[in-house]
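The values are calculated or read from the model by the stated rules, or taken from the named source; none is laboratory data. Nothing here was measured: the structure is a model prediction, and the numbers come from that model. Using ideal geometry, Cβ is built from the backbone for each residue, glycine included, and neighbour counts are taken over all protein chains shown.
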Amino acid sequence: MSKIIIFSSDFRFTNVQSFLLPFLKYKNFFYDNNIKFEFNDLNISKIGESEYIFLESKQAVIYSKKKNISLIDLIKKIKSKSNKLIFFDTSDSTEVELPEILPYVHKYCKAQILKNTKNYKKSYYGGRIFTDFVFKEYNIRDKHPRHSKILSQSDLKKLCIFWNSSINNFGFDRIITSLLYRTFKMKFFLKLPSSGFSPERSRKNFMSFNFNIKYPRESVAWYRKNILKLLHVESKKKNYLFYFKDLLNTKYVLSPFGWGEINYRDFEAFLSGSILIKPNMDHLDTWPNFYNRDKFYIDYKWDCSDLVGKIEDLQKNYKEYIRYADNAQKFYLETINNDNLKYKILERINIIMN
């Protein structure tokens, strides 16, 4: 029996919810398969020894700031209690947010990484490959510039993928079930959607532009601001319930990059039966992978040079594109089906541990 101690922040953060949900929901299943999870509050003076320790990034950062201890010193102290300290970076993008800790961990896990890991040997303006693109192409600059750290070959060997933010409830009852779980801590409220709305239903609205454009970094905001300018439309940020109701009557969902490439609206589009449109995602490796272009989503170039032409075609030939929504919804629901998911997560955990 392998014992794993998990240190994680709470259920308030959506990415952390996706990280924690499988451990909480399938705890008994994992135990039957010789993996025992133990959730502990992080206190470096009381950490017991364990073969494996899983440390989630928000918890590490929050604790180090609260206790006025450097992140590296915190990692070193935790590492002394475990043969294999495995770090889970729950940030949004493919960037390795905390590269300084790589020498001290057994594995550094992310929900998504660059498909060509050799690209981590380059430094990117804004920390992300897509922010570097607009900096170089359009001289888009941030008020407080930053660059990603170049990783070594030994660093790259420690990178691995766990699971992305899709492992969560993105249905219309998402806010309620999350609140109920945080309040009562009952597995019943750890819900994953089991059905979606038919892509074939009648839809009056052409496209959804429901996204935030206010970012402190212009290199991030550009992807959304540029689209609105190009298409002569405004972002219509709505209350979640009204937004989801609108999705049921919307044909296409536009989902440009934000802090990261993967957005929650991707999964909301799958459930609502809308067709997802995103900047090309070929640079990214993730699991589950819903980003097979020409099957699950419609892509466009990062500079948006082909977007207007594609949208004109989408307006004329909607019925020909419904298959994207059909394929994506079917694959999404099959992936998060409990009977399938628990075995897939177990497989990924075993890969991460070894």
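What do you reckon, is SER45 of a type in the set (Gly, Ala, Ser), assigned by TED's automatic domain parsing to the domain that holds PHE87, at pLDDT below 95 and more than 19 Å from PHE189 (Cα to Cα)? Spelling it out, SER45 is indeed of a type in the set (Gly, Ala, Ser), assigned by TED's automatic domain parsing to the domain that holds PHE87, at pLDDT below 95 and more than 19 Å from PHE189 (Cα to Cα). Residues in the stretch 292-312 that are surrounded by 14 or more Cβ atoms within 10 Å (Cβ to Cβ) and assigned to a helix (DSSP H, G or I): LEU307, LYS310, ILE311. Among the helices (runs of 4 or more DSSP H) lying completely within the stretch 152-245, list those that include at least 1 residues that are over 23 Å from the mean Cα position of the chain (by Cα) and among the charged types (D, E, K, R). Ranges flagged: 218-231. Here GLU100 passes the criteria (1) touching a strand residue (DSSP E or B) at 6+ places or on another chain (Cβ under 8 Å); (2) part of a helix (DSSP H, G or I) except the one numbered (1). Does any residue of the stretch 181-190 turn out to be without any contact (Cβ under 8 Å) to a residue 60 or more places away in the chain, in the same structural domain as TYR343 (by TED's automatic domain parsing) and under 25 Å from LEU346 (Cβ atoms)? No, the conditions are met nowhere in the stretch 181-190.
From the list LEU271, LEU284, LEU276, the one residue that fits, being in contact with a helix residue (DSSP H, G or I) (Cβ under 8 Å, 6 or more places away or on another chain), in the same structural domain as PHE209 (by TED's automatic domain parsing) and over 22 Å from PRO22 (Cα atoms), is LEU276.
Being at negative phi and crowded, with 22+ Cβ neighbours inside 10 Å is the filter here, so list the residues in the stretch 115-127 that pass it. If you could, list the steps in order and put the result at the bottom.
If we filter the stretch 115-127 for residues that are at negative phi, which is where we start, we get 115-125.
Listed by number, the residues that qualify are TYR120, TYR124.
Checked against (1) touching a residue at least 12 places away in the same chain (Cβ under 8 Å); (2) touching a helix residue (DSSP H, G or I) at 6+ places or on another chain (Cβ under 9 Å), TYR343 meets all criteria but (1). Of all the listed residues (ILE322, ILE311), the sole one being touching a Lys or Arg at 6+ places or on another chain (Cβ under 9 Å) and aliphatic (A, V, I, L, M) is ILE322.
Quick one: which residue in LEU248, LEU241 is more than 28 Å from TYR124 (Cα to Cα) and modelled with pLDDT under 95? Talk me through it step by step, then tell me what you get.
Numbers: LEU248 fails: modelled with pLDDT under 95.
Just a single option satisfies the conditions, and that option is LEU241.
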